[in-house]
Amino acid sequence: MPPYKVTGYSVVTEALPGTTEWAKQAASTSGGALWVNGVYAMRNVRGTGSATTRGIISNHARGVAMDLSWRRVEARKLGVNDGRVKAVKWLNLVLDNWETLGVQCVLDYFPTDHGRGWRVDRVEALPKKAHNHQAWVKYARPTIHGAPGGDWFHIEITLGMANDAGRVKRAFDAVFGVSTTPQQPLATVAPTTEKGKRRATSGKPDPA
């Protein structure tokens with residue numbers, strides 16, 4: 001089965017061009033259902049580390065991860081009506097074309113009780129799924145920081161894609177066709193959970 005490679009990538013000092021382009025293409029090809037809520041950040045995985053203990057480095061710090069929100073923010077003209085429904089439909093197409101688009105991992109913080117995760121090394125796991133987008137694991141215990149009710153997807157891509165904005169653009173054109181939707185600038189609105197803010201968890205930390 002295809003390997004999950006992200007944790008073997010080195011930490012970088014700035015956003016990688018292909019990751020930034022991938023996030024912008026996601027906003028565009030989803031028809032505005034998704035908007036870019038963060039790409040590069042030098043930080044630990046949320047819920048790990050303290051002033052006296054070492055945390056787990058986030059994959060955002062490796063330059064290959066992004067957060068895409070489907071929340072409607074009318075004042076900022078972000079998102080669309082029925083944003084999650086449209087975003088999930090977009091995501092299914094992305095995951096059915098994971099190899100072309102270089103997808104390694106997706107975390108969905110919304111479903112109860114503890115969110116769900118898709119990873120490339122589960123695509124060929126038995127029993128075989130009819131579609132790649134069905135290779136999800138629904139978490140049975142607190143696993144990702146912000147679930148349930150979180151209004152964003154965390155997506156990780158390969159380093160090859162993250163380093164090459166042109167390759168990303170060609171990949172999206174191959175899957176979605178040439179988009180006519182204007183690209184949006186990066187946003188800074190914090191994603192929320194069902195209680196209106198990120199929530200801590202005492203379980204296994206977010207692998208991102």
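The values are calculated or read from the model by the stated rules, or taken from the named source; none is laboratory data. From a predicted model like this one, the values you see are computed outputs, not experimental measurements. Don't worry about glycine lacking a Cβ; one is built from the backbone with ideal geometry, like all the others, and counts go over all protein chains shown.
Could you please let me know if residue 123 is of a type in the set (A, V, I, L, M, F, W, C) and at pLDDT 95 or above?
No, not satisfied.
Condition (residue is of a type in the set (A, V, I, L, M), buried (at least 20 other Cβ atoms within 10 Å of the Cβ) and either more than 14 Å from residue 156 (Cβ to Cβ) or in contact (Cβ under 8 Å) with a residue 60 or more places away in the chain (or both)) applied to the stretch 36-51: is it met by at least one residue?
Yes; the residues of the stretch 36-51 include at least one that is of a type in the set (A, V, I, L, M), buried (at least 20 other Cβ atoms within 10 Å of the Cβ) and either more than 14 Å from residue 156 (Cβ to Cβ) or in contact (Cβ under 8 Å) with a residue 60 or more places away in the chain (or both).
Going through 174, 200, 208, 190 one at a time, which residue ends up being modelled with pLDDT of 80 or more and small (Gly, Ala, Ser)?
Answer to the check: 174.
Can you work out which of the residues in the stretch 124-153 that are over 17 Å from the mean Cα position of the chain (by Cα) and of a type in the set (A, V, I, L, M, F, W, C) is farthest from residue 7 (Cα to Cα)?
Residue satisfying both the conditions and the ranking: 130.
Exactly one of these conditions fails for residue 41: (1) of a type in the set (A, V, I, L, M); (2) in a loop (DSSP other than H, G, I, E, B); (3) more than 18 Å from residue 146 (Cβ to Cβ); (4) touching a Ser or Thr at 6+ places or on another chain (Cβ under 9 Å). Give me its number.
For residue 41, the failing item is (3).
Conditions tested, residue by residue: (1) closer than 21 Å to residue 3 by Cα; (2) surrounded by fewer than 21 Cβ atoms within 10 Å (Cβ to Cβ).
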| residue | (1), (2) |
| --- | --- |
| 63 | yes, no |
| 67 | no, no |
| 71 | no, yes |
| 76 | no, yes |
| 88 | no, yes |
| 91 | yes, no |
| 97 | yes, yes |
| 102 | yes, no |
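Quick one: residue 146 ticks every box in (1) free of Cβ contacts under 8 Å to residues at least 24 places away in the same chain; (2) small (Gly, Ala, Ser); (3) in contact with a Pro (Cβ under 9 Å, 6 or more places away or on another chain) bar one, so which box is it?
All conditions pass for residue 146, except number (1).
From the list 178, 106, pick out the single residue that is closer than 27 Å to residue 20 by Cβ and either surrounded by fewer than 16 Cβ atoms within 10 Å (Cβ to Cβ) or without any contact (Cβ under 8 Å) to a residue 24 or more places away in the chain (or both).
The unique qualifying residue is 178.
Here are the criteria: (1) of a type in the set (Ser, Thr, Tyr); (2) buried (at least 21 other Cβ atoms within 10 Å of the Cβ); (3) in contact with a Pro (Cβ under 8 Å, 6 or more places away or on another chain). Tell me which single one residue 58 does not satisfy.
With (1) of a type in the set (Ser, Thr, Tyr); (2) buried (at least 21 other Cβ atoms within 10 Å of the Cβ); (3) in contact with a Pro (Cβ under 8 Å, 6 or more places away or on another chain) applied to residue 58, the lone miss is (3).
Using the structure shown, decide if residue 18 is surrounded by 18 or more Cβ atoms within 10 Å (Cβ to Cβ) and touching a residue at least 12 places away in the same chain (Cβ under 8 Å).
Criteria met by residue 18.
Results for (1) in contact (Cβ under 8 Å) with a residue 24 or more places away in the chain; (2) of a type in the set (A, V, I, L, M, F, W, C), shown as yes or no for each residue.
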site: 58; (1), (2): yes, no
site: 68; (1), (2): yes, yes
site: 77; (1), (2): no, no
site: 89; (1), (2): no, no
site: 95; (1), (2): yes, yes
site: 101; (1), (2): yes, yes
site: 112; (1), (2): yes, no
site: 119; (1), (2): yes, no
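Tell me which strands (runs of 3 or more DSSP E) are completely within the stretch 75-188 and hold 1 or more residues being of a type in the set (Lys, Arg), or say none if there are none.
So the answer is 116-119, 136-138.
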